[in-house]
Each structure stands twice: as structure tokens, then as C-alpha cells.
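The numbers here are math on the coordinates, done by the rules we state, and not lab data. Remember, predicted model here, so these are calculated numbers, not experimental data. Quick reminder, even Gly has a Cβ in these numbers, built from the backbone with ideal geometry, and neighbours come from all protein chains shown.
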Amino acid sequence: MKKDLYILMLLCLLPLALHAADKHHPRSIVGVWMLVSETAPDGKETQQIYTQYTRCKIYDADSTYYTVQLHAVGEDMMILAHEMGRYRLNDSLYMERDRVMPFEWVDDTTFITTFEGYKEKMVRSNTMTEERQQEIRDLVRKYPDDADAPVKHFVLSTTERKLKKENTLFLYIIMCMGVLAAGVAVYVYRLRKRKREVERKLAEIEEERTLRPEVVADAMKQVETEFFQSDYYMTLRQRIKAGGNIKIAEWKELEQRLKAIYPRFSSSLYGLYNLSSTEYQVCLLTKIHTPPVEIAAVLNKDKSTISSIRKRLYKKVFGKEGSGKEWDEFILSL
């Protein structure tokens with residue numbers, strides 16, 4: 001009786017063991033893969049380290065894949081969202097959508113698929129963080145491939161996240177030092193250091209704008225033109241001109257749309273000064289060419305208050321007196 005019970009338990013546990021073994025199978029393609037070369041039917045091999053873009057695929061354990069094209073922009077990454085779908089894999093065949101392709105597993109870092117005589121070699125990438133992968137998944141889900149739609153470029157900014165974290169830490173340190181008798185000296189030292197840092201970041205912004213690759217500048221100009229001609233922008237401008245309020249969700253949408261056009265806009269601002277929500281909203285509205293009188297109406301402020309905010313921001317960033325118009329010109333240049 002006891003022996004039969006042991007056998008029954010083993011039979012119950014067997015499917016779980018097989019599932020665990022399959023999950024950790026050395027031939028699992030779950031993860032991030034980059035296309036490194038393509039071999040034509042005549043045997044001619046082309047390296048796929050493109051001047052402009054490199055294809056990337058993310059495979060999830062639920063048999064979903066995400067395809068994008070990547071382009072490095074300094075510490076950041078420009079992507080073109082392509083497609084998502086379901087895939088299947090066995091020892092010799094790889095299937096996605098209506099494509100069935102011979103599959104060759106080279107080792108745990110490389111596999112080859114063949115489609116219409118062309119062999120594509122994919123190499124596993126272990127450098128992309130899970131946070132970055134999730135950003136890519138979200139963009140591909142939101143902007144699926146559409147041949148009739150304009151090309152959509154997005155920049156995933158590592159710099160922006162780092163700058164926001166640095167600003168939060170910097171503020172916390174200043175608050176802690178304020179309760180100590182010796183905090184005055186530390187506070188003065190950090191203010192001077194911050195000033196040098198701001199000067200350095202301003203120089204970096206100008207250098208980045210001057211040395212920006214032509215392919216990136218052209219892509220950003222194209223997306224900018226599409227934005228200012230879009231129905232979204234026209235509708236938003238009409239609401240702003242009429243003095244309508246903007247909801248929290250709409251502020252977030254405006255911020256995300258501007259990131260697609262001006263990838264360093266938010267990171268540059270937060271890197272120069274820890275803005276309040278109202279100051280940041282003034283900057284967002286200025287960036288889409290909103291006159292101060294309309295900004296005041298949207299934010300329920302006096303025009304003089306908006307003028308004071310712009311002058312104060314100019315002085316905080318540049319360390320000298322300036323006009324609201326000079327701050328507007330700086331915002332439009334980012």
C-alpha cells in the first residue's frame with residue numbers, strides 16, 4: 001500500500017519536473033537577441049551592424065516576441081517599434097505569424113533561422129536591463145507596426161532616470177545637513193559644486209546639440225513637424241487658447257509625446273534644476289509655443305506670476321538676472 005502511494009506521488013510530480021526542466025532547457029530563446037549577420041542564398045554574408053539601425057528581438061516565456069530597430073544615441077537608445085506576435089519553437093523549426101523557418105541552434109548564445117533562402121544569425125544580449133526591456137514591450141504594444149502610419153521614433157533615456165535620482169538624493173542630503181551645526185559649510189560647498197555641475201551640463205547640452213548625428217537630427221525634425229501638424233496638437237491648442245484646464249492624465253500624455261520629439265528635454269531640465277510641478281508645466285506649455293497669457297489662463301495664475309516663474313528659473317539656472325523671454329528662448333532651444 002505504501003509502495004503504491006510513493007508511485008502515485010512520483011507520477012504526480014513528474015509533469016512539474018518536466019516543466020522545470022523545459023524552463024531551464026539550454027536551448028530556451030527567452031531573452032534579448034540581436035541580429036548580427038545575414039547570409040544570402042549565394043553564400044554572401046552581410047554584417048547587420050547597420051550605420052543607422054540594428055534589429056533586436058525580445059522573446060518572453062509566454063511565447064510572445066517583440067521586434068524593434070535600435071540606434072544608440074550617446075547613453076540613450078532610439079528605437080523604431082516594429083511588431084509583436086506569438087512564436088513556437090522545436091528542435092528544427094521556428095514559427096512566427098505565417099512564417100515557418102528552419103531553426104539551427106549553434107550554442108546557448110547563437111541561433112540561425114532561414115527564410116526564403118536567407119540565413120539570419122541572432123546573438124543573445126545580456127546587457128539590456130529588465131526595466132529597459134519593459135519600456136520596449138510597452139512601446140511595441142502601444143504602437144504596433146502600421147505601414148500606412150508615419151515612422152515613429154522613440155528615445156529611451158538612461159540619462160533622464162539617472163538625473164532624477166541624483167536630484168532626489170541631492171535634495172535629501174541638503175535637508176539632512178540643515179539640522180546640523182556644521183551643515184552650513186557643507187551646504188555652501190554643495191551649492192558651489194552644484195553651480196559647477198549646472199555649468200557643465202549647460203555645456204554638454206550645447207555640445208550635444210552641435211554634434212548631434214545627422215540621422216538623429218533628421219528623425220527628430222520629422223517627428224517635430226508631424227507633431228505640430230497633428231490633430232492632437234491642433235485640438236490641444238484650441239483648448240489652451242480657450243482657457244480650458246488640462247487634467248493630470250493629459251499632462252502625462254503631453255510629456256510622453258514631447259519625449260518622442262525632444263528626447264533630452266525633460267532630462268536636461270531636471271538635470272539643471274529640481275523644478276516644481278507648476279514650473280515644469282510652464283516649461284511644457286512654453287515648449288509647444290504657448291504665449292504667457294494663455295499659460296496663465298490654463299494654470300489659473302496671474303500673468304505676472306507666470307512672468308515671475310520664468311525669470312526665477314532663468315536666474316536659478318544661469319546664476320544671473322534675465323527676462324521671461326530669455327527663459328522661453330532657452331526652453332525652445334532644448
Sorted by Cβ density within 10 Å, fewest first, the residues TYR280, TYR94, TYR118: TYR118, TYR280, TYR94
Inter-label distance, nm, simple model (7 Å from Cα along the C-beta direction), TRP105/SER277: 5.2
Sorted by Cβ density within 10 Å, fewest first, the residues SER267, SER92, SER323: SER92, SER323, SER267
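What ranking of LYS316, LYS259 emerges when the number of other C-beta atoms within 10 Å of each C-beta is taken as an exposure proxy, fewest first?
Fewest to most other Cβ atoms nearby, the residues stand as LYS316, LYS259.
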Violating pairs (Cα-Cα greater than 31 angstrom) within the set LYS57/LYS259; LYS252/LYS315; LYS121/LYS252: LYS121/LYS252
